[in-house]
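Quick note: the coordinates plus some simple rules give every number you see, no bench work behind them. Remember, predicted model here, so these are calculated numbers, not experimental data. When we count neighbours, we look across all protein chains shown, and the Cβ atoms used for this are built from the backbone with ideal geometry, even at glycine.
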Amino acid sequence: MPQNAKLQSRHLLGLQHVPAEDIQLILHWAGHFKEVINRPIKRVPSLRDLTVANLFFENSTRTRLSFELAEKRLSADVVNFSASTSSVKKGETLNDTVSNILAMKVDLVVIRHSEAGVAHFLADRVPAHIVNAGDGTHEHPTQALLDAFTMQERIGSLEGKKVVIVGDILHSRVALSNIFGLQKLGVHVAVSGPSTLIPRAISELGVEVIDHLDDALEWADVANVLRVQHERMDRAFFPSIREYHKRYGITMERLNRLKQVPLILHPGPINRGVELTSEVADSPYAAILNQVENGVAVRMAVLYLLASQSAPQNVV
Amino acid sequence: MAPKTLLNQRECAVTISRLCHQINEVHVPWDRTVLVGLQPRGAKLLRALVAQLEAEFATGPVANGLLDITFHRDDFRRREEPLTASPTEMNVLIEGKRVIIIDDVLYTGRSVRAALDALGDFGRPERVELCVLIDRRFSRELPIQPDYSGRRVDALNHERVRLNWNGPTLESVLLESPDYAPER
């Protein structure tokens, strides 16, 4: 990878159309920012003349915090917007909300929305750089990037490695972004979960389906365990939480039966006792807190690389 | 026409040796001094200085680190070529210490300004000095001067100073002008 490469896209909307070199570039710079956030003083002045708007039309705690921290550690000015406290409640359209925010001269927009494609909609209409922080059940690219960064940090180069995504694939934007991103890094990706929560067309993405969790864990170098998203389920996809846990919950007992235990990732928030037992979540097999730390570094890299593409306004 | 030689191999050795003498004179005893090389091109000079100081001046182990200033530069988003970063390896405490910033060439002074800014991330030194091998005294854009300088050079803006390292040894310092720059 050439050291002085630039991102090829002005926005980060999803990993489906991002070239592998761009993913490598972001992961490379994330390494530098990880060093920065471990310094006694964790702030660098790179984005000091930029304003970032965090538009969260859907609830989020850790992603918003992580982005906000990343922006502040790059010295950007930050404005926050969340749907529950804003004029969206008063019936304003997305287009109007956005034009209003842009009239405030924002350089980068981080957006989360419950509808797929909202980030793309914005990218076509506004001059700012757009970062998708999750659009419906479509994509969540920075989560997939931080997952890849964490895997790389723990098990080395991902080329030829095997990753299984466990659980609710159907409702998961994390799963989709992981599949797109990891495949570009040369990873074999499989999924495992209740058949009602696995999209039928998944095999068209070149993803293997492994029915039994034990087989999947035996096969994989990394298991990325997803949250059961009760809030997105409009009907019963499995008989009960207890049954889900029994068949697809990861327990120490299950891990102890394996020849080699895979690295366990979880995008959070964890339903303890459903996808993972507390014992597993707090064990050295899990890299869940590494993911949180790396999230800030990866998001700093994304914001930094996007910002580096454009010259400051009113400066020749 | 060949590039002009500013320092040949013998002169390089003499100059580095002189810098060591000058630094040692001010900093003995060595318990409160930290040498900080600027990435990427100050790193080799840092190693050369540290090696010679430790070998010839009974300094004991010289505390040193490498500092990358990419995120503190003031030309981010103002240049055509994207910036590149190098690792920062600051495993030393600089709080209350006497820091010497080491770089190969002092030109506009902007790297040193960024370095002063970046150093602040690692503590508040008692004082900071600057040591460079080549001081291009024209074209300074900021009020920054070296405390220790190997050779003062009058070079025009379009000319480039190039250091040729062979492993840890500095073999020559050349002044290249685009008119007779070797093909790259």
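Some points to look at:
- Note on the stretch B:44-145: Cα convex hull, mean projected area over all directions, 7.3 nm².
- In order along the stretch B:154-168, the phi-based Karplus estimate (6.51 cos²θ - 1.76 cosθ + 1.60, θ = phi - 60°) of 3J(HN,Hα) comes to 9, 10, 7, 4, 7, 8, 10, 8, 10, 9, 9, 9, 10, x, x Hz; Gly and Pro are listed as x.
- Cα gyration tensor shape of the stretch A:166-229, rounded if a/c is under 1.5, else prolate or oblate by comparing a/b with b/c: rounded
- Equivalent ellipsoid of the stretch A:14-166: semi-axes from √(5λ) of the C-alpha gyration tensor, largest first, are 28, 20, 14 Å.
- Fewest-first sequence of B:Trp165, B:Trp30 by Cβ atoms within 10 Å of each Cβ: B:Trp165, B:Trp30
- Within straight-line cross-link reach of A:Lys259, aspartates and glutamates at Cα separation under 12 Å, skipping those fewer than 8 residues along the same chain: A:Asp214, A:Asp215, A:Glu218, A:Asp221
- Taking the DSSP beta bridges with both ends in the stretch B:109-176, the antiparallel portion is around 60 percent.
- Gyration tensor verdict on the stretch B:1-75 (Cα atoms; rounded if a/c is under 1.5, prolate if a/b is larger than b/c, oblate otherwise): oblate
- Global form of chain B, assessed from the alpha-carbon gyration tensor, a/c cut-off 1.5: oblate
- Share, in percent, of DSSP beta bridges within chain A that are antiparallel, nearest 5: 5
- Centre separation in Å (Cα based) which lies between the stretch A:221-296 and the stretch B:124-143: 54
- Backbone N under 19 Å from the B:Asn8 label point (7 Å along Cα→Cβ), restricted to the stretch B:130-155: B:151-152
- Where N is the number of residues in the stretch A:141-288, Cα Rg divided by 2.2 N^0.38 Å: 0.95
- At an R0 of 51 angstrom, the distance between the Cβ atoms of B:Asp74 and B:Ala51 translates into a FRET efficiency of 0.95.
- DSSP H segments from chain B that extend 24 Å or more along their own axis, Cα-based, with Kyte-Doolittle mean of -0.5 or above: B:9-27
- When chain B is treated as a Gaussian network with alpha carbon springs shorter than 10 Å, the biggest mean-square fluctuation among B:Phe122, B:Phe57, B:Phe76 belongs to B:Phe76.
- By average C-beta atoms within 10 angstrom, highest first, the peptides A:293-299, B:108-114, A:152-158: A:293-299, B:108-114, A:152-158
- Build a GNM of chain A with springs between Cα atoms under 10 Å apart, and of A:His11, A:His140, A:His32 the one that fluctuates most is A:His32.
- Helix runs (DSSP H) in chain A reaching 15 Å along axis by Cα, Kyte-Doolittle at least 0.0: A:20-36, A:173-184, A:288-307
- Average projected area [Cα convex hull, the protein assembly as shown], square nanometres: 28.1
- The Cα center of the stretch A:161-213 and the Cα center of the stretch A:96-156 differ in position by 22 Å.
- Within chain B, percent of DSSP bridges classed antiparallel, to nearest 5: 30
- Stretched out straight at 0.36 nm per residue, the stretch from A:Glu21 to A:Ser84 would grow longer than its current Cα-Cα span by 18.9 nm.
- In terms of other Cβ atoms within 10 Å, A:Glu243, A:Glu218 run from fewest to most in the order A:Glu243, A:Glu218.
- 10 Å Cβ neighbours from other chains, averaged over peptide B:72-84: 5
- Comparing B:Val36, B:Val50, B:Val28 in a Gaussian network model of chain B (Cα springs below 10 Å), the most mobile by mean-square fluctuation is B:Val28.
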